[in-house]
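To start, the structure under review is shown below, and the notes come after it.
Just so it is clear, none of the values below were taken in a lab; they were calculated from the coordinates. From a predicted model like this one, the values you see are computed outputs, not experimental measurements.
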Amino acid sequence: MAPSSYTQNEFYVIMIVVSTMMVACAGSFYQDFDLTWGDNRAKILNGGQLLSLSLDKVSGSGFKSKKEYLFGRIDMQLKLVAGNSAGTVTAYYLSSQGPTHDEIDFEFLGNLSGDPYILHTNVFSQGKGGREQQFYLWFDPTKNFHTYSIIWKPQHIIFLVDNIPIRVFKNAESVGVPFPNNQPMRIYSSLWNADGWATRGGLVKTDWSKAPFTAYYRNFKATQFSSKSYNPNSGAEWQTTELDAYDRRRLRWVQKFFMIYNYCNDLKRFPKGLPAECRRSRF
């Protein structure tokens, strides 16, 4: 199903012409993150180059970034809970705080051994979410590390897996849809029990005999774009769509063969009409 020109490592380097507007950092987990809950279930290993989160019947665990970001690209490699991960959720996301918070979500919904994970994405703006798209992955995310990325610019948010775009959420403020563009956000991740809904709507429960469940993280990189220089009417750095023709073909490939839910196609959920952003062009 993959385009014939696709190889695993192709297009790993993304060309973003932002010159002095871009600040990149790739440090250690000690330097960049705080372990926030779960006691010793969250661990930083290998001199700060590896982080693990674990879940048992008592508690899950989590971490957050020391820094806040307002626009940028976030890359993290994850290896998800192996085996029977039903009932577990590994969440990796950007979020601000408060009742009108903004949020950009990756959530990995566990499943029975041999059944695929579901990758759940969502975008919250001004405290309102409900913009879910869900995907199967075209590989086993428990066997090796894979890179999950967010590009956040004032005109759009792009979700990527191994540098393949899977979703674009465009700024639709012109038609009255709030967009995350003025609240700095931290990076968060957690591994927790959600067997009330995560797997087959809660029908499959967490098998605690398989605990502890563990996910691993490495190769974090943040590339921050300066919001001070943003002018929506000028500047090639901000106007670029990020996606060339090849990327758009790969996006269509993912959405055709691996997307399993799109709120923009859910007519039963929106009997009075789809949300305004769903009626706009995709790319």
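What list of whole percents do you get for P(r) of the range 89-143, with Cα-Cα distances grouped in 10 Å bins up to the one holding the largest distance?
Percent of pairs per bin, in order: 24, 45, 22, 9.
When only Cα pairs under 8 Å and 6 or more residues apart are kept, what is the percent relative contact order across the range 74-199?
Relative contact order, the range 74-199: 32 percent.
To one decimal place, what orientation-averaged projected area in nm² is obtained for the convex hull of the Cα set of the range 80-210?
About 8.4 nm², averaged over all directions.
Could you tell me which of the pairs 67/143; 170/268; 43/66; 43/256; 64/272 are separated by over 28 angstrom between their Cα atoms in the structure shown?
Exceeds cut-off: 67/143; 43/256; 64/272.
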